[in-house]
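The values are calculated or read from the model by the stated rules, or taken from the named source; none is laboratory data. Small disclaimer: the values here were computed from a predicted structure and weren't measured. Methodologically, a virtual Cβ is constructed for each residue, glycine included, from the backbone with ideal geometry; neighbour enumeration extends over all protein chains shown.
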Amino acid sequence: MLFHSPNLSSYFNASRNSTSIRVWLKFTASISSLKVVWRKDQKLDEAVDNDKSWRQCAKVVKEVLNEPGQVIPLRYLEKRRERLRLPIKIETFLSRNPLLFDVYYDRIKPKTQPVKFLRLSDRLQRVLDENERIYVENEPLIVAKLCKLLMMSKDNVVSADKLVHVKREFGFPNDFLENLVPKYPDYFRLIGNPGEGNSFLELVSWNPRFAKSVIEQRADEESELTGIKIRPSFNWKLPSGFLIRKEMREWIRDWMERPYISPYDDASNLDQASQEMEKRTVGVFHELLSLSLYKRIPVPILGKFTEEYRFSNAFSSVFTRHSGIFYMSLKSGIKTAMLREAYKGDQLIDRDPLLKANDNFVELLAEGRKQREEQLNLQKQAVKNNVDMVSMRNSTLNDLDLTESEDLYSS
């Protein structure tokens, strides 16, 4: 169920009849003391779990890409399994993902015995080349995302090293600081050297086109469609069966009725403990998750930007306090903040154009595993055929022996 703040009371009245799952809380006047017990959402947990396999494969590919010449002795990669958190041996990994690498023999040093090396397969190289084309095609989107991240931040400056750390979350290419940022001097200024811990990316000019959140854009589109001025507001969505107690219903209703505060507005005059700051913080998280590829980001990663985006030290409680807007998955022991409205079941509703790069990689993995399964089936069929032939031969021999026995008996 999706609804804006005017529909809150009807939802809450209807929810009184639901008893299967309950959200308990302790309510006081202070925002920070509002406690909501976390409840599992199986479908959203499945969404997090769906891409665990390909992300693990991507780590191994990245390890090889970072090597000189993009080749590596197999035994060296085997020694890095623990760091890569790969639970299986490299040989097993290669057999399960046959289209990722070619295995060949070479010498690590002159006069040494040849050993197994890995290099990118032609199929994987074509995927990487295609992904480069996708990045070029969607460069305006990447620039807009980067501008938005800076425009929401304090003083419009963000640590360059932190941005590199979240490049995968937002779909930035690996070399965006080296090759993309210098192409747009009207937007960006890079201060210091990335990788040395003291470099920053600064916004040079403010573009009003980028200073509009997803929620504001949605309100504008609805206003244009209906001819009625729609106020920007969060969508509130909970799975059926959730019950919210009266005190929290009243607090949410009042909070939702407060004016929306854009994450691109100056928040320097807001009290950190005020409901206005809470409104702005929820807006920032909503926008950050909306800009991300999968509309979800691990909470520890968000925590790295506490200073840049003026988050409180207890910022993660926002995700459970506003459980109709967000969901916090605990899958794989990592807290991941998710945007509820972005999903239908375990599937994304609107897919970011940059996701095509990840899709290409996933399709390659699926094709390789299908190929492996077909080979295994052929091997099983060959073994079965051999068993059948042996059985048939033994049966024929038995028949011959029986015939000879009968002839002897007759004579």
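Annotations for the structure displayed:
- If you go through region 75-87 and keep only what is surrounded by 12 or more Cβ atoms within 10 Å (Cβ to Cβ) and within 23 Å of Glu367 (Cα to Cα), you end up with just Leu86.
- Those residues of region 336-380 which are in contact (Cβ under 8 Å) with a residue 12 or more places away in the chain and aliphatic (A, V, I, L, M), in sequence order: Ala337, Met338, Leu339, Ala342, Leu348, Leu354, Leu355, Ala357, Val362, Leu364, Leu365
- Filter result for the condition that a residue is closer than 30 Å to Ile90 by Cβ and among the aliphatic types (A, V, I, L, M), over Leu146, Leu100, Leu141: Leu100
- Taking helices (runs of 4 or more DSSP H) as the structural unit, those lying wholly within region 235-339 and holding at least 3 residues that are within 22 Å of Asp51 (Cβ to Cβ) correspond to 275-291, 299-303.
- Exactly one residue out of Val158, Val164 is closer than 19 Å to Ile297 by Cα and crowded, with 19+ Cβ neighbours inside 10 Å: that is Val158.
- When region 107-121 is filtered for residues that are loosely packed, with under 13 Cβ neighbours inside 10 Å and in contact (Cβ under 8 Å) with a residue 12 or more places away in the chain, only Ile108 remains.
- Restricting region 315-327 to residues that are of a type in the set (Val, Ile, Thr) and at pLDDT 90 or above, the residue that is nearest to Asn358 (Cα to Cα) is Ile325.
- Qualifying residue in region 210-217 (condition: polar (S, T, N, Q) and more than 22 Å from Gly283 (Cα to Cα)): no
- Answer residue from region 275-286, given it is farther than 13 Å from Phe311 by Cβ and in contact (Cβ under 8 Å) with a residue 60 or more places away in the chain and is nearest to the chain's Cα centre (by Cα) among those: His286
So that you can scan it fast, the table gives a plain yes or no per residue for (1) crowded, with 18+ Cβ neighbours inside 10 Å; (2) more than 21 Å from Pro173 (Cβ to Cβ):
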{"position": "Arg280", "(1), (2)": "yes, yes"}
{"position": "Leu288", "(1), (2)": "yes, no"}
{"position": "Leu291", "(1), (2)": "yes, no"}
{"position": "Pro298", "(1), (2)": "no, no"}
{"position": "Val318", "(1), (2)": "yes, yes"}
{"position": "Ser323", "(1), (2)": "yes, yes"}
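- Here Lys43, Lys52, Lys109 are screened, and the one residue that is modelled with pLDDT under 95, closer than 21 Å to Arg372 by Cα and among the charged types (D, E, K, R) is Lys52.
- Qualifying position, being more than 29 Å from Leu355 (Cα to Cα) and of a type in the set (Ser, Thr, Tyr), among Ser312, Ser290: Ser312
Residue-wise test of (1) under 26 Å from Arg85 (Cα atoms); (2) at pLDDT 90 or above; (3) crowded, with 16+ Cβ neighbours inside 10 Å.
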{"site": "Asp254", "(1), (2), (3)": "no, no, no"}
{"site": "Ser262", "(1), (2), (3)": "no, yes, yes"}
{"site": "Phe285", "(1), (2), (3)": "no, yes, yes"}
{"site": "Leu302", "(1), (2), (3)": "yes, yes, yes"}
{"site": "Asp350", "(1), (2), (3)": "no, yes, no"}
